[in-house]
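Only one structure is covered here, and it is reproduced in the block below.
Bear in mind these aren't lab numbers, they're just calculated from the coordinates by the rules spelled out. Since we're looking at a predicted model, the values are computed, not measured. Backbone-built Cβ (ideal geometry, glycine too); neighbour counts: all protein chains shown.
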Amino acid sequence: MNPRPPQPLRTLAIALLTLATAAIHISLLFPDFMFILNGLGYLVFLGTYLVGRGRLGEHFRWARYGFIAYTGLTILLWLLIGARTPLGYITKIIEIVLVGLLVTDRT
């Protein structure tokens, strides 16, 4: 399958949603180590997504799959052990939209 060229609006949306959820996790219950690691993980995946497209070539899709899996795992763990707060629900909505954008990304 030949990848299509990057879609700037989709890439911007993915970047903004990732930055939002990373900021929430890093600031959440600071200095809780697990939340900080989760937020840093989002930043690493975002960097890989933004830079990796040109450098990873055919392997870029695996970075995207990892990003999707990481976000999905975060959602699943929140469902199992997370606090049901308004910020928690907002964060999960952000992450669900992020997964949707990543799944439909064909670059």
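Based on DSSP H assignment, which helices of the chain show an axial Cα extent of at least 18 Å together with a mean Kyte-Doolittle hydropathy greater than or equal to 1.6?
Details: long enough: 8-27 (28 Å, 1.47); 33-55 (32 Å, 1.06); 60-81 (32 Å, 1.19); 86-104 (27 Å, 1.75).
Those that clear 18 Å and a mean of 1.6 are 86-104.
Going highest first, how would you order 82-88, 62-68 by mean Cβ packing within 10 Å?
62-68, 82-88
Given the DSSP H assignment, sum -39500 (n - 2.57) over each helix run of at least 4 residues in the chain and divide by its residue total; what's the result at 222 nm in deg cm²/dmol, nearest 500?
-27000 deg cm²/dmol
If you add up the charges near Ala22, with Lys and Arg at +1 and Asp and Glu at -1, over every other residue whose beta carbon is less than 15 angstrom from its beta carbon, what do you get?
Net of charged neighbours comes to -1.
I'd like the per residue volume of the convex hull spanned by the Cα atoms of the chain, given in cubic angstrom.
Considering the Cα atoms of the chain, their hull volume per residue is 91 Å³.
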